[in-house]
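J.: Okay, here's the structure, questions in a sec.
The values are calculated or read from the model by the stated rules, or taken from the named source; none is laboratory data. Just so you know, these numbers come straight off a predicted model, no measurement behind them. All Cβ positions, even for glycine, are placed from backbone atoms using ideal geometry, and neighbour counts span all protein chains on display. The accessibility values were calculated without ligands, DNA or RNA, using every heavy atom of the protein model including side chains. Shrake-Rupley method; radii C 1.70, N 1.55, O 1.52, S 1.80 Å.
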Amino acid sequence: MAATTRLISRLALVTGGGSGIGRAVCQRFASEGALVVVADLNEEAANETLRSLSRDHKVQEHMAAAVDVSSKQSVEDLVESIQRRYFQPASVCVNAAGITQDDFLLRLEEAAFDRVVGVNLKGTFLVVQAVAAAMVASGVSKGSIVTVGSIVGKVGNIGQVNYSASKAGVEGITRTAAKELSRYRIRCNCVLPGFISTPMTDKVPERVIHKMTSLVPLGRMGEPAEVADVCSFLASDDSRYITGTSIEVTGGLFMG
Ligand code: NAD
């Protein structure tokens, strides 16, 4: 059950908020009292998430926005639009935007490598940089940035050389940002989902899903809400002495 007031008076930016894990994060944050900026490349999907927050009493104050996290200009425009609308920067940010474009190492095209790294790794860099700069400029008293890596960034995965490299890099960004930003009272942590049921994994063939699920000690795929629960903890003061860490949300998959 949600701790209902844990994020009250926090303004939270969630990229990739139009689907899957990002959408679940938006819903969880809103249910805990945060104002939420739902940002996604797919503006209609972001608006759909926004509408799903409508039961929350602050519905009129949440907003949806289009952003391409792989574009510096687009990310800067988003951060500025938040400042214009709320007269403050987001003090919580979750970087859930991400893509896959899978192929075997021996076949993967350069363009597919660049696209995945451009969104997952460079996109995380651009968002963390712009959001942190806005937090520092406004002197936030407690900032929390959550990045979304993946367990495959640690262990690798057949057919995902681009994706696993990008997600390993996300952890590097997170730890460095945590070290550099702690003096500004900004924490930065990473969640490492395992195998979570979302439109991203809907693309995975049934037999692969079956095989992966059989490897999960808890015996099933995870739900987006189960990742959102951890993001909520990391966003809130309940994790105030935690920075620079990665939390696996995998049902025990590839532990140790
Ligand atoms: P999803 O496909 O359901 O959602 C990803 C969202 O990101 C989509 O709404 C998409 O429009 C948006 N997006 C894509 N490119 C973008 C861009 N350039 N700018 C802004 N938004 C963009 O996927 P998901 O499963 O919810 O994944 C969310 C995050 O979790 C991703 O970073 C993914 O790599 C990571 N992850 C997912 C799993 C899993 O099993 N589903 C496992 C590990 C990590």
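J.: Can you pull out the residues in segment 145-156 that are part of a helix (DSSP H, G or I), more than 10 Å from the ligand (Cβ to nearest atom) and either among the basic types (K, R) or open to solvent by less than 50 Å² (accessible area, probe 1.4 Å) (or both)? Let's see the steps before the verdict.
T.: Going through segment 145-156, the residues part of a helix (DSSP H, G or I) turn out to be 152-155.
Right, trim to more than 10 Å from the ligand (Cβ to nearest atom) and you get 154-155.
Within segment 145-156, just K154 meets the criteria.
J.: Taking segment 157-200, which residues are farther than 13 Å from F125 by Cα, surrounded by fewer than 19 Cβ atoms within 10 Å (Cβ to Cβ) and among the basic types (K, R)?
T.: K179, R183, R185
J.: Could you identify the single residue in I186, I242, I196 that is within 15 Å of the ligand (Cβ to nearest atom) and at pLDDT 95 or above? Give the derivation first.
T.: On the way: I186 fails: within 15 Å of the ligand (Cβ to nearest atom); I242 fails: within 15 Å of the ligand (Cβ to nearest atom).
Just a single option satisfies the conditions, and that option is I196.
J.: Name every residue in segment 1-21 that is within 16 Å of the chain's Cα centre (by Cα) and either among the charged types (D, E, K, R) or within 21 Å of I186 (Cα to Cα) (or both), in order of residue number. Let's see the steps before the verdict.
T.: Step one: filter segment 1-21 for residues within 16 Å of the chain's Cα centre (by Cα), giving 11-21.
Hits for segment 1-21 are L11, A12, L13, V14, T15.
J.: Hey, can you tell me all the residues within segment 97-126 that are aliphatic (A, V, I, L, M) and out of contact with any Ser or Thr (no Cβ under 6 Å at 6 or more places or on another chain)?
T.: Correct list: I99, L105, L106, L108, A111, A112, L126.
J.: So which of G219, G251, G244, G256 ends up being open to solvent by 40 Å² or more (accessible area, probe 1.4 Å), small (G, A, S) and closer than 20 Å to K167 by Cβ? Even if it seems obvious, please write down each step before you answer.
T.: Numbers: G219 fails: closer than 20 Å to K167 by Cβ; G251 fails: open to solvent by 40 Å² or more (accessible area, probe 1.4 Å); G244 fails: open to solvent by 40 Å² or more (accessible area, probe 1.4 Å).
None of the other options fit; the residue is G256.
J.: Moving on to the next point. For segment 193-243, which fully contained helices (runs of 4 or more DSSP H) count at least 2 residues that are over 25 Å from D103 (Cβ atoms)?
T.: Working: elements: 199-202, 206-215, 224-235.
Result: 224-235.
J.: Right, another one. Mind counting the residues in segment 153-175 that are closer than 21 Å to L234 by Cα and either among the acidic types (D, E) or in contact (Cβ under 8 Å) with a residue 12 or more places away in the chain (or both)?
T.: So in segment 153-175, the residues closer than 21 Å to L234 by Cα come out as 153-154, 167-175.
From what is left, the residues that are either among the acidic types (D, E) or in contact (Cβ under 8 Å) with a residue 12 or more places away in the chain (or both) are 153-154, 167-171, 173-175.
Residues flagged as closer than 21 Å to L234 by Cα and either among the acidic types (D, E) or in contact (Cβ under 8 Å) with a residue 12 or more places away in the chain (or both) within segment 153-175 amount to 10.
J.: Only one of (1) more than 10 Å from the ligand (Cβ to nearest atom); (2) in contact with a strand residue (DSSP E or B) (Cβ under 8 Å, 6 or more places away or on another chain); (3) in a loop (DSSP other than H, G, I, E, B); (4) of a type outside the set (V, I, T) fails for G18. Which number is that?
T.: It fails just one condition, (1).
J.: Select from segment 24-54 the residues that are part of a helix (DSSP H, G or I), in contact with an Asp or Glu (Cβ under 8 Å, 6 or more places away or on another chain) and open to solvent by 20 Å² or more (accessible area, probe 1.4 Å) and write down the one among them that is nearest to the ligand (Cβ to nearest atom).
T.: The first filter runs over segment 24-54 and keeps only residues part of a helix (DSSP H, G or I), leaving 24-31, 43-52.
From what's left, in contact with an Asp or Glu (Cβ under 8 Å, 6 or more places away or on another chain): 24, 28, 30-31, 46, 49.
Restricting the remaining residues to those that are open to solvent by 20 Å² or more (accessible area, probe 1.4 Å) gives 28, 31.
Details: R28: 13, S31: 18 Å.
Taking the candidates together, the pick is R28.
J.: Based on what the data block shows, is Y163 over 19 Å from V25 (Cβ atoms), within 13 Å of the ligand (Cβ to nearest atom) and at pLDDT 95 or above? Step through it out loud before you land on a result.
T.: Values: over 19 Å from V25 (Cβ atoms): yes; within 13 Å of the ligand (Cβ to nearest atom): yes; at pLDDT 95 or above: yes.
Taking the combined requirement at face value, the residue satisfies it.
J.: Do any residues in segment 194-211 that are touching a residue at least 12 places away in the same chain (Cβ under 8 Å) and more than 18 Å from V148 (Cβ to Cβ) have Cβ atoms under 8 Å from those of residues that are open to solvent by less than 60 Å² (accessible area, probe 1.4 Å) and away from the ligand (no atom under 12 Å from the Cβ), where the two are at least six apart or on different chains, and which pairs are they?
T.: From residues that are touching a residue at least 12 places away in the same chain (Cβ under 8 Å) and more than 18 Å from V148 (Cβ to Cβ), there are no pairs.
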